[in-house]
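Q: One structure coming up, written as structure tokens, with questions to follow.
The values are calculated or read from the model by the stated rules, or taken from the named source; none is laboratory data. Keep in mind that this is a model prediction, so the values were computed, not measured. Reconstructed Cβ throughout: ideal geometry from the backbone, glycine too, with neighbour counts over all protein chains shown. We work out accessible area using only protein heavy atoms, side chains counted, and drop any ligands, DNA or RNA first. Shrake-Rupley method; radii C 1.70, N 1.55, O 1.52, S 1.80 Å.
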Amino acid sequence: MARHVQSLAELEVLCNQLYEGTDLAQRIQAEKVLLELIDSPECLSQCQLLLEQGTTSYAQLLAATCLSKLVSRTTPLPIEQRIDIRNYILNYIASQPKLAPFVIQALVQVIAKITKLGWFEVQKDQLIFRDIIADVKKFLQATVDHYIIGVMILSELTQEMNLVDYSRPSAKHRKIATSFRDTSLKDILMLACSLLKEVLAKPLNLQDQQQQSLAMHLLKLVLNCLNFDFIGNSADESADDLCTVQIPTNWRTIFLEPETLDLFFDLYHSLPPVLSQLALSCLVQFASTRRSLFSNPERAKYLGNLIKGVKRILENPQGLSDPGNYHEFCRFLARLKTNYQLGELVMVKDYSEVIRLIANFTITSLQHWEFAPNSVHYLLTLWQRMVASVPFVKSTEPHLLDTYAPEITKAYITSRLESVPVVIRDGLEDPLDDTATVFQQLEQLCTVSRCEYEKTCALLVQLFDQNAQNYQKLLHSSSRNPLEITVQEGRLAWLVYLVGTVVGGRLTYTSTDEHDAMDGELSCRVFQLISLMDAQLPRSSNEKVELAILWFLDQFRKTYVGDQLQRTSKVYARMSEVLGITDDNHVLETFMAKIVTNLKCWGRCEPVISRTLQFLNDLSVGYILLKKLVKIDAVKFMLQNHTSKHFPFLGVNDNYSLSDLRCRTTFYTALTRLLMVDLGEDEDEFENFMLPLTVSFETVTQIFNNSFKQEEAKRMLIGLARDLRGIAFALNTKTSYTMLFDWIYTSYLPILQRAIELWYREAACTTPILKLMAELLQNRSQRLNFDVSSPNGILLFREASKMICTYGNQILSLGTLSKDQVYPLKLKGISICYSALKSALCGNYVSFGVFKLYGDNHFDNVLQAFVKMLLSVSHSDLLQYRKLSQSYYPLLECLTQDHMSFITSLEPHVLMYILTSISEGLTALDTIVSSSCCASLDYVVTSLFKHIAKEGKKPVRCREISQDGQRLLHFMQQNPEVLQQEKKE
């Protein structure tokens, strides 16, 4: 134990180093010393010294932080000590209410933790830690500063009760939270609402910081009450729009009083933006209250009050100019439709006026595309769900969506086109670059756009024709202004995205033959644009237009290409007249021509190549489509000419980064699926297909044997490994897989082994090779069921064993690595090795007893390599890195199921490591990890009990049979604590 800090001066120096210091080494050292302080017996006295005599707020913050860690320990302090700490802090903040806000917050947090962890503890027949609410009421009767502290305590306590501490049993947390909910939460909410009414009743002085602070903490308290996890489902916050707040039934009276909602709407209108957005956050939760809390008439009345509040906000929209208010209001509108049916909304008294106001608000929001772009998602969610509900409305009241939905669509379309010149002129961030947001918005818009589709279609036709004509004029203009061409291409990119969106909307909304004909009108224009853009390649091009075209093609594929569609679809009527495309076979020819063009001409543009290959991959899934595709000339060309001469992205040179080679796996997966359609048992056809890879491997062999141009060989092997992994992934039959095995086994696996030996330090090289081996070991669709007389299963395992042993031994020679290097340089490779080994052990194509029978040590070697690699990894790293834990624990399950003799033969320290890893993995949140731990533990314990049962019967057979069980039993007797986790309180 290091020397404990004694003097106040030393402590304050450490505080300054920790909270203000810029020297990282000093901060780390300060943190280390202060962590030792928490473990020291003098911790409480040192904290008291800091609180009472510290000259800076940081000293007080440190004391609060130490106390928080102290009271949060899994082994709790004695109850008397915790009572003393709580009372001391309450008295301390009562006597010094002018402390820095962050210090008060930290001290309040300590009180909340003590209260939560001691919620059920009894002293002298009293639940001693539940006095907190009575203590808080004393604060509420004193000065404004004390009043604020009292509210902060309640707010922090409510939040603390809702937080799950994963280091403790979740059942205990749920028991405490449920008790708190049933005994205290309603009273806290009612108290907070009554205090807010008092704040509102007085004249509000917006310049008074105390008044603002009080209102803020009260609103946070209400929000914490409404955000409480009432039923213990720990909902994912990222899915907040699907949330229903499960308000307890005994809270009905609060929600049935119209004054409750009115209070928060009044607060929104009365408070400055920094506070009014909290009032709106509370209203979001009120709007999400579960439907079953009310009877039908009560629900209608409640909804009427919400809509009345919406109308009032939209009629006085000044506050919505604040981004925080605007965002919360958009969430509020989205929650209304999430929780109420369109049939209920149309029955509300002011529906027609409110829907008009919401539509105008949405249109204005869309026109100001640069303002709070993340909030638009909620508005589009509202309209998407409204329009999607139209077919189910039974009410005779007009929903008016046929009036407003086309206006929303028009506003989105025109605003996006108008944004293009502004973005280019002012050098702003282009919304099209954030493809995740664009795709999300377009997927929402696709439903809205199909309402009164004729209007949307007419608008898009007009805009497309206008912009395409302007673009052609610019291209043929003698001046060719690059800026104007860029603007026009940006507009066309948006229009292509939008056409793809509305065509994709056919699947989300009731469609008619007339609608299909309109889709044909729009699609014609995009296919014509494709011809126009491709004609300019490779001289000039635009990446954004190309990405938009690929989005359109994918939407068209999902909607109009496939077996489920009638061949007589009206979409092809207009396309037949204009383009000669009469059915989906012709469309597939167009698709493949576009794919080949992109792969030929866009080799240096990773986003276009990647998206093109993803489109090709999507096309290659499904037998019916594959049968159609293989008849197309472009596909035949690809199958016979997949070389860098025709497709530059397959080339290997210094101008390409190693990460660019990743897309080759996708390319070869799709290509091999196409090859498989008519391949059958034609080995010559397979050899012809593999010829470019054969040539590449021969080149690498020559480089190895002669000049050894290291960098060139490395790049070629990375590409080959990625290509072969794609091929292996697609070969899902025994016959086709055997062809690949025969091709690679003798000639080319040794080259991959050599590469692992040479470049083990370079993950960019080893990772693709190891992943290829892991793929080859996968017995997907029973493809590795070789003939009885074939040794291939054993031969494959031997090669895998060599590679894993080589990599494992070499990687351990790297020694200690820094935290940021340990995963990419070491743990990632280990996780792939484990995954590969697990596939081999569970694949059911190798009889492992054969190795011992014939004195072959490959099986023993790979298991020893597994152990060596494992011992070089800490338990914390095993669980911290998800891919590692998801490969290690299933492998361990496989070993304990089928190879217990190996487990029991391990050295005691290795066995201890493995059993400890199982113990720690049992509480993991990842179900793959926890379920594998449960299974592994079951196999270990079953083996132990079987041995004990056999020992009791004392069979006459040779005692050697039971040696494995005896070793395990002896280990358990020596280490009885290993399977006895202490119950964590």
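Q: Below 17 Å, Cα to Cα, which aspartates and glutamates can K137 reach? Residues fewer than 8 away in the same chain don't count.
A: Straight-distance partners of K137: D145, E156, D187, E198.
Q: Using the Cα centre of the chain as origin and beta-carbon charges of +1 (Lys, Arg) and -1 (Asp, Glu), tell me which of L784, L218, S936 is placed farthest towards the positive end of the dipole.
A: Final value for the positive-end residue is S936.
Q: Determine the per residue accessible area of region 472-591 with all protein chains present and a 1.4 angstrom probe, expressed in square angstrom.
A: Working: 5050 Å² over 120 residues.
With all protein chains present, region 472-591 gives 42 Å² per residue.
Q: While we're on this one: Tell me, what ³J(HN,Hα) does each residue in region 467-482 have, in order and in whole Hz, if you take phi through Karplus 6.51 cos²θ - 1.76 cosθ + 1.60 with θ = phi - 60° and put x for Gly and Pro?
A: Residue by residue, region 467-482 yields 6, 5, 5, 4, 5, 4, 4, 4, 5, 8, 6, 5, 7, 6, 5, x Hz.
Q: Tell me whether region 409-499 comes out rounded, prolate or oblate; compute the Cα gyration tensor, take square roots of the eigenvalues as a ≥ b ≥ c, and use a/c under 1.5 as the rounded threshold. Write out the running numbers ahead of the final one.
A: On the way: a/c = 2.73, a/b = 1.40, b/c = 1.95.
Note, shape of region 409-499 comes out oblate.
Q: If the cut-off is a Cα-Cα distance under 14 Å, which aspartates and glutamates reach K394, setting aside same-chain residues fewer than 8 apart in sequence?
A: Leaving aside aspartates and glutamates fewer than 8 places away in the same chain, those within reach of K394 are E344.
Q: Next up: Pop the C-beta distance of H269 and E198 into the FRET formula with R0 = 25 Å and round what comes out to the nearest 0.05.
A: 0.90
Q: Apply 1/(1 + (r/R0)^6) to the Cβ-Cβ distance of T694 and H970, taking R0 = 60 Å, and write down the FRET efficiency to the nearest 0.05.
A: Details: r = 56 Å, r/R0 = 0.93.
With R0 = 60 Å, the Cβ-Cβ based efficiency is 0.60.
Q: Using a 1.4 Å probe on the protein heavy atoms, what percent of the accessible area of the chain belongs to carbon and sulfur? Write out the running numbers ahead of the final one.
A: Values: 22520 of 44120 Å².
That share works out to 51 percent.
Q: Additional query: Per residue, how much space in cubic angstrom lies within the convex hull of the C-alpha atoms of region 358-482?
A: Enclosed volume per residue, from the Cα hull, is 111 Å³.
Q: Follow-up question, since we're still on this one. What does the charge dipole of region 191-305 about its Cα centre add up to, to the nearest 20 debye, if the Cβ of each Lys and Arg holds +1 and the Cβ of each Asp and Glu holds -1? Display every interim value, and only then the final one.
A: Details: 8 positive and 12 negative charges, 55 e Å.
Using Cβ point charges on Lys, Arg, Asp and Glu, region 191-305 gives about 260 debye.
Q: Could you order H269, H217 by accessible surface area, starting with the largest, using a probe radius of 1.4 Å?
A: Values: H269 65, H217 25 Å².
Largest to smallest exposure gives the sequence H269, H217.
Q: For labels at A949 and D860 in the simple 7 Å Cα→Cβ model, what's the distance in nm?
A: 3.2
Q: Starting with the highest mean, order 906-913, 373-380, 436-443 by the number of other Cβ atoms within 10 Å, averaged over the residues of each peptide. Walk me through the numbers before you get to the answer.
A: Numbers: 906-913: 14.4, 373-380: 18.8, 436-443: 16.0.
Final packing ranking: 373-380, 436-443, 906-913.
Q: Based on the alpha-carbon gyration tensor of region 419-574 and its eigenvalue square roots a ≥ b ≥ c, which shape applies: rounded if a/c is under 1.5, prolate if not and a/b is larger than b/c, or oblate? Don't jump to the answer; show the numbers that get you there.
A: On the way: a/c = 2.00, a/b = 1.58, b/c = 1.26.
It is prolate, given that a/c is not under 1.5 and a/b is the larger ratio.
Q: Scan region 293-349 for chymotrypsin sites (Phe, Trp or Tyr not before Pro) in coil per DSSP, keeping those whose Cβ has at most 16 other Cβ atoms within 10 Å, and list them by number. Don't skip to the answer; put the middle values down first.
A: On the way: sites: F294, Y302, Y326, F329, F332, Y340; in loops: F294, Y340.
Taking region 293-349 and a limit of 16 other Cβ atoms within 10 Å, no loop chymotrypsin sites (Phe, Trp or Tyr not before Pro) are found.
Q: Which of the peptides 102-109, 78-85, 721-728 is most tightly packed, and how do the rest follow, judged by the mean count of other Cβ atoms within 10 Å per residue?
A: Ranking, from highest mean packing down: 721-728, 102-109, 78-85.
Q: Another question about this same structure. How high is the relative contact order of the chain, given as a whole-number percent (alpha carbon pairs under 8 Å, six or more residues apart)?
A: Working: 1061 pairs, mean separation 48.1, N = 985.
This gives 5 percent for the chain.
Q: How about region 659-733: which GluC sites (Glu not before Pro) there are in a DSSP loop, with at most 11 other Cβ atoms within 10 Å of their Cβ?
A: On the way: sites: E681, E683, E685, E687, E698, E711, E712; in loops: E681.
In loop regions of region 659-733 (DSSP not H, G, I, E or B), the sparsely surrounded GluC sites (Glu not before Pro) are E681.
Q: Can you tell me the order of 471-483, 926-938, 117-129, 826-838 when each peptide is scored by its average per-residue count of other Cβ atoms within 10 angstrom, highest first? The partial results should precede the final answer.
A: Values: 471-483: 11.4, 926-938: 17.5, 117-129: 14.4, 826-838: 23.7.
Those peptides, ordered most packed to least, come out 826-838, 926-938, 117-129, 471-483.
Q: Note the full-extension length gain between R539 and L127 as 0.36 nm times their separation in residues minus their Cα-Cα distance, in nm to one decimal.
A: Values: separation 412, 0.36 × 412 = 148.32 nm, distance 8.07 nm.
Once the chain is fully extended between R539 and L127, it gains 140.2 nm.
Q: Of L275, Q536, M190, whose Cα points farthest to the positive end of the dipole of the chain (charges on the beta-carbon: +1 Lys, Arg; -1 Asp, Glu; origin at the Cα centre)?
A: In the chain, that residue is M190.
Q: Largest first, what is the accessible-area ranking of V695, V587 with a 1.4 Å probe? Provide the component values of the computation, followed by the final result.
A: Numbers: V695 85, V587 0 Å².
Final ranking, largest accessible area leading: V695, V587.
Q: Provide the per residue accessible area, probe 1.4 Å, for region 298-441, rounded to a whole number of square angstrom. Present the calculation step by step, with values, prior to reporting the outcome.
A: Working: 6090 Å² over 144 residues.
Normalised by residue count, the accessible surface of region 298-441 is 42 Å².
Q: Let me ask something else about it. Can you run the Rg to Rh ratio on region 571-624? Use alpha carbon positions and the Kirkwood inverse-distance Rh. Present the calculation step by step, with values, prior to reporting the outcome.
A: Values: Rg = 13.2 Å, Rh = 12.4 Å.
The Rg/Rh ratio comes out at 1.07.
Q: Could you provide, to the nearest whole Å², the per residue accessible area of region 44-192 with probe 1.4 Å?
A: On the way: 6500 Å² over 149 residues.
So region 44-192 comes to 44 Å² accessible per residue, rounded to a whole number.
Q: Shifting gears a bit: Checking the table K558/K631; K594/K631; K734/K802; K473/K645; K600/K883 against a 28 Å threshold on Cα-Cα, which pairs fail?
A: Working: K558/K631 21 Å; K594/K631 16 Å; K734/K802 24 Å; K473/K645 35 Å; K600/K883 36 Å.
Distance filter (> 28 Å) returns K473/K645; K600/K883.
Q: Which residue, I254, V122, T701, has the largest displacement toward the positive end of the dipole of the chain when charges sit on each Cβ (Lys, Arg +1; Asp, Glu -1)?
A: Looking along the dipole axis, the top candidate is V122.
Q: Let me ask another. Which of rounded, prolate or oblate describes the chain when judged by the alpha-carbon gyration tensor and an a/c cut-off of 1.5? Could the numbers behind the result be given before it?
A: On the way: a/c = 1.98, a/b = 1.09, b/c = 1.81.
Oblate shape, in that a/c is at least 1.5 and b/c is the bigger or equal ratio.
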